[in-house]
Amino acid sequence: LELGQVVRDGGLADSHHPITHSNWPVTKDLPLPFLDIVSFNLYPLWPREVVVRGYGEYLSDVLVPLAGGRPLWITEFGLNTLETGPDRQAETLPRCWDAIRRHAAGGVVFSFADEWWKNYDNPVEKGKYWQREHAPDDERAHDLDPEEYYGIVDDQRTPKPAFAAVGRMYGAGPSRIPAVMVGLMILLMSYTLWVFRRKS
């Protein structure tokens, strides 16, 4: 059976609960017409097809058409500070957010804190961050793995420059509704309208 048939006809879900799957540009051509919400992890510096086209253009030219009128949600976006540095992270996240606000229902910054362990020791050679060796006890050491440096706070929970940038992005402040809530409301309204159109 196709996954869509199993999900819709196999009793694993019902029409009252939206279904999504966090996809990735490399597998964007997977046929997933049964999804109610189209979700993608979309990073500005990888894979190459996103870098070449540009973040906003990739969203508008590739993902929006793939969504086909369904809500589009960016489930992860971010930069690691090991390779890019903290200032570039703080400059790039708001630019990504601007593109997301133009073309999608909302998005989630990856991640809050450094130390996302992947069971690898890095680097095998200095500067070659993505050459890895298996290390089942990786959580014992905060090493030079780029995936351990996506946080907007470091491993000691000290804010990086991106911490304040993300606060401004999401509209932190006592007198404003956080923009992430606005994004969730838009997502819910979009889904409701889509369901209504489908039933009529």
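The values are calculated or read from the model by the stated rules, or taken from the named source; none is laboratory data. Bear in mind the structure is a predicted one, so any value in this text is a computation, not a measurement. For neighbour counting, all protein chains shown are included, and Cβ atoms are generated from backbone atoms with ideal geometry for every residue, glycine included. Ligands, DNA and RNA are excluded from the accessible area calculation, which covers all protein heavy atoms including side chains. Shrake-Rupley method; radii C 1.70, N 1.55, O 1.52, S 1.80 Å.
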**Ranked order, Lys160, Lys128, Lys28 - accessible area, probe 1.4 Å, largest first** = Lys128, Lys28, Lys160
**Request:** Using amide H atoms built 1.01 Å from N in the peptide plane, name the residues 5+ places from Tyr43, or on other chains, whose amide H lies under 5 Å from its own.
**Result:** none
**Fill in**
Expressed in square angstrom to the nearest 10, the accessible area of Tyr120 with a 1.4 Å probe stands at 80
**Request:** Using R₀ = 25 Å, calculate the FRET efficiency as 1/(1 + (r/R₀)^6) where r is the Cβ-Cβ separation of Trp117 and Val26; round to 0.05.
**Result:** 0.65
**Asked** So, in nm, how far is label Glu139 from label His16 when the simple model puts each one 7 Å beyond its Cα toward the Cβ?
**Response** 3.7
**Request:** Please turn the phi angles of the stretch 132-146 into ³J(HN,Hα) values with the Karplus equation 6.51 cos²θ - 1.76 cosθ + 1.60 (θ = phi - 60°), one per residue in order, whole Hz, x for glycine and proline.
**Result:** 10, 10, 4, 8, x, 9, 4, 5, 7, 9, 8, 9, 8, 8, x
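Just want to confirm a number: the relative contact order over the stretch 15-84, from Cα pairs under 8 angstrom separated by 6+ residues, in percent. Before the final figure, lay out the partial values.
On the way: 81 pairs, mean separation 24.3, N = 70.
Computed over the stretch 15-84, the figure is 35 percent.
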**Message:** I'd like the accessible area for Val108, computed on protein heavy atoms only with a 1.4 Å probe and all protein chains in place. Round to 10 Å², please.
**Reply:** 60
**Prompt:** What accessible surface, in Å², does a 1.4 Å probe find on Thr27, ignoring ligands, DNA and RNA and rounding to the nearest 10?
**Reply:** 60
**Candidate residues Trp24, Trp116, Trp97, Trp46: accessible-area rank, largest first, probe 1.4 Å** = Trp46, Trp116, Trp24, Trp97
**Request:** Name the long-range amide H neighbours of Lys160: under 5 Å, sequence gap of 5 or more, or other chain; modelled H, no Pro or chain starts.
**Result:** Val153, Asp154
**Prompt:** Residue-wise, which Karplus ³J(HN,Hα) couplings in Hz belong to the stretch 104-109, taking 6.51 cos²θ - 1.76 cosθ + 1.60, θ = phi - 60°, and x for glycine or proline?
**Reply:** 9, 6, x, x, 10, 6
**Complete:** The long-range amide H neighbours of Gly106, using H built 1.01 Å from N in the peptide plane and a cut-off of under 5 Å, are Ile74
